[in-house]
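Q: Structure incoming, see below.
The values are calculated or read from the model by the stated rules, or taken from the named source; none is laboratory data. Everything numeric in this text was worked out from a predicted model, so none of it was measured. Ideal geometry is used to build each Cβ from the backbone, glycine not excepted, and the neighbour counts take in all protein chains shown.
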Amino acid sequence: MDHRPRNEPPEIVPGDRRLRTNLLLAAALYVLAGLAIGPLIDWAITRGGPADAVAYARLAEQKQFLATLAYSLWRILPLLVAFWFGYRVFASAKLPPGGMKRFPFAVPRIHGRTATMFGLLLMAAGIMLLYRETLVLLRNALG
């Protein structure tokens, strides 16, 4: 339960500029890693490969399988982070979650049932998207 009067504005937890910069840097590195997956697979598969048409067809099938696997794993990483953050909010019933001394963005402090529901929402969204991504991976890898 929230114990403050109804017309009082919520307490705002200020964001940490250095942590926000590190988060944006990690997001940029994540995008660059995603852009590098395709060329890395090409490089790994075609090193010293034969020049006949049958071999290129086999290499194309291998590349399709490896690219499907690599991009699916790459897309699953942020979903796992969202699920983990939702679990932290749910377990502590606070936003920002307990144990996080710094937070990258300014957020209103939320306690109790509202924070628990927010954590459950993040966890449910993470699970649904992970399920969808797993189905896409299986369909593309097997079919």
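Q: Answer yes if at least one residue in region 16-24 is closer than 26 Å to Ala141 by Cα, modelled with pLDDT of 90 or more and of a type in the set (Val, Ile, Thr), and no otherwise.
A: no
Q: Is it fair to say Leu69 is surrounded by 13 or more Cβ atoms within 10 Å (Cβ to Cβ), assigned to a helix (DSSP H, G or I) and at pLDDT below 90?
A: On the way: surrounded by 13 or more Cβ atoms within 10 Å (Cβ to Cβ): yes; assigned to a helix (DSSP H, G or I): yes; at pLDDT below 90: yes.
Against the criterion (surrounded by 13 or more Cβ atoms within 10 Å (Cβ to Cβ), assigned to a helix (DSSP H, G or I) and at pLDDT below 90), Leu69 qualifies.
Q: Just to check your reading of the model, which residue among Ala82, Ala106, Ala26 is more than 21 Å from Thr134 (Cα to Cα), in contact with a Gly (Cβ under 7 Å, 6 or more places away or on another chain) and among the aliphatic types (A, V, I, L, M)?
A: Ala106
Q: So Ala115 fits all but one of (1) in a loop (DSSP other than H, G, I, E, B); (2) touching a Lys or Arg at 6+ places or on another chain (Cβ under 7 Å); what number is the exception?
A: Failed condition: (1).
Q: Are any residues in region 100-128 surrounded by 13 or more Cβ atoms within 10 Å (Cβ to Cβ) and free of Cβ contacts under 8 Å to residues at least 40 places away in the same chain, and if so, which ones?
A: Met100, Ala115, Thr116, Met117, Phe118, Gly119, Leu120, Leu121
Q: Still on this structure: Can you name the number of the only condition in (1) assigned to a helix (DSSP H, G or I); (2) over 25 Å from Ile37 (Cα atoms); (3) touching a residue at least 12 places away in the same chain (Cβ under 8 Å) that Pro97 fails?
A: (1)
Q: Here are Arg88, Arg139, Arg132: which of them is assigned to a helix (DSSP H, G or I), buried (at least 17 other Cβ atoms within 10 Å of the Cβ) and either without any contact (Cβ under 8 Å) to a residue 12 or more places away in the chain or charged (D, E, K, R) (or both)? Full working, then the answer.
A: Numbers: Arg139 fails: buried (at least 17 other Cβ atoms within 10 Å of the Cβ); Arg132 fails: buried (at least 17 other Cβ atoms within 10 Å of the Cβ).
It is Arg88.
Q: Then there is this: Please verify whether region 19-33 includes one or more residues that are without any contact (Cβ under 8 Å) to a residue 40 or more places away in the chain, basic (Lys, Arg) and either under 25 Å from Met100 (Cα atoms) or part of a loop (DSSP other than H, G, I, E, B) (or both).
A: No, that holds for no residue.
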